[in-house]
Every structure is written in C-alpha cells, then in structure tokens.
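Step one of this worksheet: look at the structure below.
The values are calculated or read from the model by the stated rules, or taken from the named source; none is laboratory data. Not measured: the values here are computed from a predicted model. Because the Cβ atoms are built from the backbone with ideal geometry, glycine has one as well, and the counts that use them run over all protein chains shown.
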Amino acid sequence: MAAIAYPRPSRGTQEPARRHLHVVPAPTRARRRLSRSAIYRRRRVVVVAALFLAVFVLVLATRAALGALGGGPLAAPGTPAGSPPAAAAVYVVQPGDTYWTIARRLQPSGDLRTFVDRLSSEHGGAPLQPGEQLALH
C-alpha cells in the first residue's frame, strides 16, 4: 500500500502552502596567496631535484654501459715472455682421498667443478692410488 501526502492549503486560500528553501553557502576556507618569491623558490627546488635525478640516472646508465662493454678492472698480465715457467707443485695422494677432497683442500672457497674436471682429465680419469703424485699446474 502506498500513500501520497499533499501539503495542506493555507487558511483562506485554495493554494497549498509553499515551503521555502534556503541555500546555505558552504563554509569557505581562506585561500592563502603565495608571494612571488615563494613561487620562485618552489620552482627552483623542483628544478634542482630534477637535475639531481637526471645526473643520478646518467651515472647509472654510464656504469651499466661500461660494465656491458667490459670496462671493469684490467686483467693481470700473464708471465713475461722471457721468464722461465714456474715449477709445478706436486700433491701426494693420501688414503681415502678423492678428486673432490683434494680440490677442497687446495681451493677452500669457490666453485670446485672446473678444478675437479682439470685434475681428473690430467690424471686420465683413472682412480687415485695412495702414494701417487699429482702434478698441479
């Protein structure tokens, strides 16, 4: 069920009473006017920050480009042409030694796989025997 309500007419007239709407303005905030010097100061801060950011990005890009082109430290040169080759070290195989334990003893840190491969290939891949001498280059 629905009902519609109509305002009652005012006394003595046939017209309905009018309701009056009043528009209330929203409270305004006092706007602060910036001086010209404050505006220029803000602009200078933004420009200086943008310049610092641009220089930072340029430095990072330059470092990345040099790294990609091999711009790192120079490799140490090999032995001079006139000098005699260094004497090879010799390792005597102990009971229970494997290529891996020898490699770990001679190279305590880093990746051992290449060192173990080199030891194995120089020895011909044969099993190690106690008392055997391995020439280390």
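If you take the residues in the range 91-137 that are polar (S, T, N, Q), within 38 Å of the chain's Cα centre (by Cα) and not in a helix (DSSP H, G or I), which one is surrounded by the fewest Cβ atoms within 10 Å (Cβ to Cβ)?
The selected residue is Ser109.
Pick from the range 55-70 the residues that are small (Gly, Ala, Ser) and surrounded by 10 or more Cβ atoms within 10 Å (Cβ to Cβ): which of them is modelled with the highest pLDDT?
By that ranking, first place goes to Ala61.
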